[in-house]
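This report refers to the structure that appears directly beneath it.
What follows is calculated from the coordinates using simple rules that are stated; it is not laboratory data. Given the structure is predicted, the values throughout are model-derived calculations rather than measurements. Glycine gets a Cβ as well: all are built from the backbone with ideal geometry, and neighbour counts include every protein chain shown.
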Amino acid sequence: MKRSKTRSGKRRAYLAAAVACSLVLSACNENKETGEEEMKVADQTKQKFKETADAARETAEKAVEAGEASWSEFSEYSVEKKEQAVDFLAKQSIALDQKVVELSEKLEHLSDASRKEAEASLEALKEKQAELRLQIEKTKNATAETWSEVRLESQKKWNAFTESLQELKMKITSS
């Protein structure tokens, strides 16, 4: 049930992006008359792009929230459902990767001192991100004998990554 909400949220974001693109394209075709109209279209395009990006960001945040709520579901996966568990981890990892990119972009707007501190936190976050990716690979290769241990370790790596992500977010917003 929770997984379908995440998928429908992603579908809405993709649909919103497609609608925004169609609106932009139709606006471009209709308003090629004068330079003033072209500027208006450019402004509209920028606004539509911003709205689409905001919708995509919001969808990614909702996916992460849904992922946090779904950890209890992950912990119930048996080794027979390993592929579903790996799929779950991969999808959640993609959503968190998007957050890392967004936070990286926000570093540009910080003062020099704040940026240096945040960059150090970003590097630590990227190390945890790499560890999480390795853990996802271990999850793919888990056997019936190692499944419980691998599943527990995956959750630990996930928690460490999300905690570092929140710490970086706090440093950026408090600067």
_Neighbour net charge for Ala142 - beta-carbon separation under 9 angstrom, K R +1, D E -1_ = +2
_If you build the convex hull over the alpha carbons only and average its shadow over all orientations, what do you get for region 70-175? Give it in nm² to one decimal._
6.3
*Between Ala160 and Ser148, with labels modelled 7 Å along Cα→Cβ, what's the label distance in nm to one decimal, could you check?*
2.2
